[in-house]
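Please treat every number below as a calculation from the coordinates, not as lab data. Because the structure is predicted, anything quoted here is derived from the model rather than measured. Cβ placement follows ideal geometry from the backbone for every residue including glycine, while neighbour counts extend to all protein chains displayed.
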């Protein structure tokens, strides 16, 4: 059996969890084989590696499977962290994003799925954005002057929240947050992780990421 040369990353371009995993992998320089998936036709190889069927999934050459995005980020940065992202961490803030803010985001964006009041969850999510705004009044990034893991873990979700009703978001007085978000979205790093590969199928030529 041929040994797997590089880690394999199963990803979906627009998923914020997959985005943040790709951000850490790219900044850390961990070469992977990128396998873009269709959510409506998840490949058997991905489901065999991680039966829960969510992205991202990182399959290491030795067979280890990492299928939580924040764990992929921390593993990649533990191997190589040229910008010192792990020095600018806030586990509590990331947990608040992943739990309360993500719950509000889902119910704001897809109220019909949860029989939810989108205005309530928009306002609740706004509370988290105001907390970020307060932090960004003290420094350019969430944990200091330079970008770190906290920024990369959170901004893909703020991006999604902002896009639900852009006119409303543009009218909310969050100047520091908007500058911060625009800076990440216009960065070379973000452009590099938003490539548009076609969905992977067995037998395809490997796409290096």
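Taking the DSSP bridge list for the chain and keeping only pairs wholly inside it, about 70 percent are antiparallel. Separation of the range 59-73 from the range 9-50 is 10 Å, based on Cα centroids.
Entry note, the chain: relative contact order of 27 percent, from Cα contacts under 8 Å with a spacing of 6+ residues.
Ranked by how many other Cβ atoms sit within 10 Å of their own Cβ, fewest first, the residues 186, 124, 69 fall in the order 186, 124, 69. Across the range 86-187, Cα pairs under 8 Å and at least six residues apart give a relative contact order of 31 percent. For the chain, take the longest principal axis of its alpha carbons; what is the angle in degrees between that and the long axis of helix 16-28, to the nearest 10 within 0 to 90? Once rounded, the angle reads 70 degrees.
Sorting 81-91, 98-108 by their mean Cβ neighbour count within 10 Å, with the most densely packed peptide first, gives 98-108, 81-91. Taking 0.36 nm per residue of separation and subtracting the Cα-Cα distance, full extension of the segment from residue 182 to residue 79 would add 34.2 nm. Footprinting exposure proxy ranking of 205, 59, 195, fewest other C-beta atoms within 10 angstrom first, gives 205, 195, 59.
The alpha carbon radius of gyration of the range 86-187, expressed as a multiple of 2.2 N^0.38 Å, is 1.04. To the nearest ten degrees, helix 69-79 and the longest principal axis of the Cα atoms of the chain are 70 degrees apart.
For the chain, the longest principal axis of the alpha carbon atoms and the long axis of helix 175-185 meet at an angle near 20°.
For the range 165-194 versus the range 93-152, the inter-centroid distance based on Cα atoms is 13 Å. Here the spin labels are modelled as points 7 Å beyond Cα on the Cα-Cβ line, and at residue 103 and residue 194 they lie 3.0 nm apart. With the Kirkwood sum run over all distinct C-alpha pairs, the chain has a hydrodynamic radius of 17.9 Å.
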